[in-house]
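Encoded as structure tokens, the structure appears first; notes follow it.
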Amino acid sequence: MDAAVDNFLRGAGVFHFFEEEFQQSSKKRNLHQCLDIAQEAAQVAEVYKQLHKLTSSSVIKDCVPNSWGGLMHVKMEYYSSLSHYYVALGLITYKDELNSTVQEKLEHLYADSKSNEKRETKSVPQNSSERLRLGRSHLHQSISTLEEALRTYRMCRQLQLIDSLHELLKKANEKSVGLLSKVIEDVDQFHEMFEPMSIRASTKFQLKLADPDLSQYKASDLFKALGPLKFFSAKRHWTAARIVELKKPDDSSFGFSVKDDSPVVVTRVEIGGIAEACGLKEGDYITAVNDQDTKWTSHAEMAELIKAAGNTINLKVVTPMNWKYLHSRGAAGLSMCSKSTSSSSSGFSSSSSRNPSPVGSVCGKESEKRNSWNPFRRRNSKDPLESSYITNVLYR
């Protein structure tokens with residue numbers, strides 16, 4: 001029995017709490033919430049005002065579209081209208097007497113006026129009549145600000161394509177006009193209409209810019225599959241990629257040599273060899289070996305791939321069309337002095353020198369001395385090919 005009575009008392013206490021909290025102090029709580037929302041909206045309007053000022057400057061104006069400046073101006077006017085609307089909503093729906101707490105809240109609601117006019121008596125109402133007059137003035141300010149936003153919307157051709165923006169401004173204007181029609185009968189029309197003071201921009205949310213943590217997520221280069229940019233770029237011209245299939249007996253070689261890294265280039269093709277017969281050319285770049293991409297493969301890795309291929313290998317090669325660029329890289333041939341290693345098991349030779357001497361060069365520097373040019377020296381008119389003529393004569 002005692003437990004049942006205790007439970008009934010607990011239930012009655014809950015209902016009493018609801019009555020005290022939601023009936024008696026709801027109007028007071030709604031006023032404070034409306035004033036807080038008004039200051040938050042004024043803060044957003046202030047941010048858009050600063051952005052609009054920056055985009056209108058000569059430094060940034062030419063770098064951004066004109067529609068951006070118009071959209072920022074519309075948003076600035078819209079949030080400024082919201083701040084005045086919520087102040088009016090809180091003042092009109094508040095039915096109790098204005099105590100010291102509410103008056104102090106209203107004193108800190110408005111920004112400091114730059115003019116010398118004293119408008120404190122109008123910003124802080126003392127009775128219900130002044131409260132309704134102040135609410136009506138905020139409603140008029142909200143409507144005029146929304147009309148300015150709609151005017152800016154109609155002037156910008158790009159903004160007219162955004163139907164949702166027009167619907168938002170239209171509904172906000174209808175809401176302000178509807179609230180004004182309800183309160184206009186309760187306000188004495190013979191009193192002077194005044195312009196309300198600007199609402200102080202304030203926010204309870206402290207926003208802080210967070211720098212991106214680029215090391216948190218690993219990303220791969222989207223253009224890595226194209227190959228090294230130095231070679232595989234729009235500045236270079238290449239032939240279409242072709243497949244070269246090489247087959248050799250166990251005791252023979254493929255008949256070509258490679259050098260360099262990323263990508264590996266064919267530097268020598270044996271005359272009459274398997275590589276020449278299959279269409280492999282000197283200066284070809286190997287981009288794939290047996291369907292394995294080798295654009296980033298080093299010289300040592302390429303040697304291992306060819307050795308592991310056995311007697312049959314499929315090479316995907318491309319040929320540069322700019323031969324000056326090819327010869328500047330030293331792909332015309334191998335020097336007799338360049339050290340090369342050949343493998344009988346793989347059937348190809350690889351040069352360990354990245355800059356071989358030109359074809360036909362001899363080890364060491366020639367000590368041949370060139371004769372200086374003398375304009376007074378008698379020139380020999382003897383035909384230099386005379387000896388060849390004599391040697392070509394057949395004696396019978």
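The values are calculated or read from the model by the stated rules, or taken from the named source; none is laboratory data. All figures in this text were calculated on a predicted structure; none of them were measured in a lab. Cβ: placed from backbone, ideal geometry, glycine included. Neighbour counts: every protein chain shown.
Output the residues belonging to the stretch 271-300 that are part of a helix (DSSP H, G or I) and in contact with an Asp or Glu (Cβ under 9 Å, 6 or more places away or on another chain).
Glu276, Cys278, His299, Ala300
The single condition among (1) among the hydrophobic types (A, V, I, L, M, F, W, C); (2) surrounded by fewer than 20 Cβ atoms within 10 Å (Cβ to Cβ); (3) outside any loop (DSSP other than H, G, I, E, B) that Phe232 does not satisfy is (3). Report yes if some residue within the stretch 110-118 is under 30 Å from Ser57 (Cβ atoms) and at pLDDT 75 or above; otherwise report no. Yes, the conditions are met somewhere in the stretch 110-118. Are any residues in the stretch 238-270 touching a strand residue (DSSP E or B) at 6+ places or on another chain (Cβ under 7 Å), surrounded by fewer than 15 Cβ atoms within 10 Å (Cβ to Cβ) and part of a loop (DSSP other than H, G, I, E, B), and if so, which ones? Answer for the stretch 238-270, where residues must be touching a strand residue (DSSP E or B) at 6+ places or on another chain (Cβ under 7 Å), surrounded by fewer than 15 Cβ atoms within 10 Å (Cβ to Cβ) and part of a loop (DSSP other than H, G, I, E, B): Thr239, Ala241.
For residues in the stretch 152-185 being among the charged types (D, E, K, R) and in a helix (DSSP H, G or I), which is farthest from Gly135 (Cα to Cα)? Looking at residues that are among the charged types (D, E, K, R) and in a helix (DSSP H, G or I), I get Asp163. On the basis of being at pLDDT 85 or above and within 24 Å of Asp250 (Cα to Cα), does Lys295 make the cut? Answer is no for this residue.
When you check Arg133 against the structure, is it touching a His at 6+ places or on another chain (Cβ under 9 Å), surrounded by fewer than 17 Cβ atoms within 10 Å (Cβ to Cβ) and at pLDDT below 90, yes or no? Taking the combined requirement at face value, the residue does not satisfy it. When the stretch 204-232 is filtered for residues that are acidic (Asp, Glu) and over 23 Å from Thr297 (Cβ atoms), the ones remaining, listed by number, are Asp211, Asp213. You will find that of Ser220, Ser215, Ser202, the residue that is surrounded by 10 or more Cβ atoms within 10 Å (Cβ to Cβ), hydroxyl-bearing (Ser, Thr, Tyr) and either touching a Gly at 6+ places or on another chain (Cβ under 7 Å) or assigned to a loop (DSSP other than H, G, I, E, B) (or both) is Ser202 and no other.
May I ask you to list the residues in the stretch 61-79 that are surrounded by 14 or more Cβ atoms within 10 Å (Cβ to Cβ), more than 12 Å from Cys156 (Cβ to Cβ) and within 22 Å of the chain's Cα centre (by Cα)? Residues satisfying the conditions do not exist here.
Residues in the stretch 221-262 that are within 31 Å of the chain's Cα centre (by Cα) and in contact (Cβ under 8 Å) with a residue 24 or more places away in the chain: 10 in all.
If you take the residues in the stretch 16-48 that are among the aromatic types (Phe, Trp, Tyr) and surrounded by fewer than 17 Cβ atoms within 10 Å (Cβ to Cβ), which one is modelled with the lowest pLDDT?
Taking the stretch 16-48 as the starting set, the residues that turn out to be among the aromatic types (Phe, Trp, Tyr) are 17-18, 22, 48.
Going one step further and asking which of them are surrounded by fewer than 17 Cβ atoms within 10 Å (Cβ to Cβ), we end up with 17-18, 22.
On the way: Phe17: 71, Phe18: 68, Phe22: 59.
In this case the residue turns out to be Phe22.
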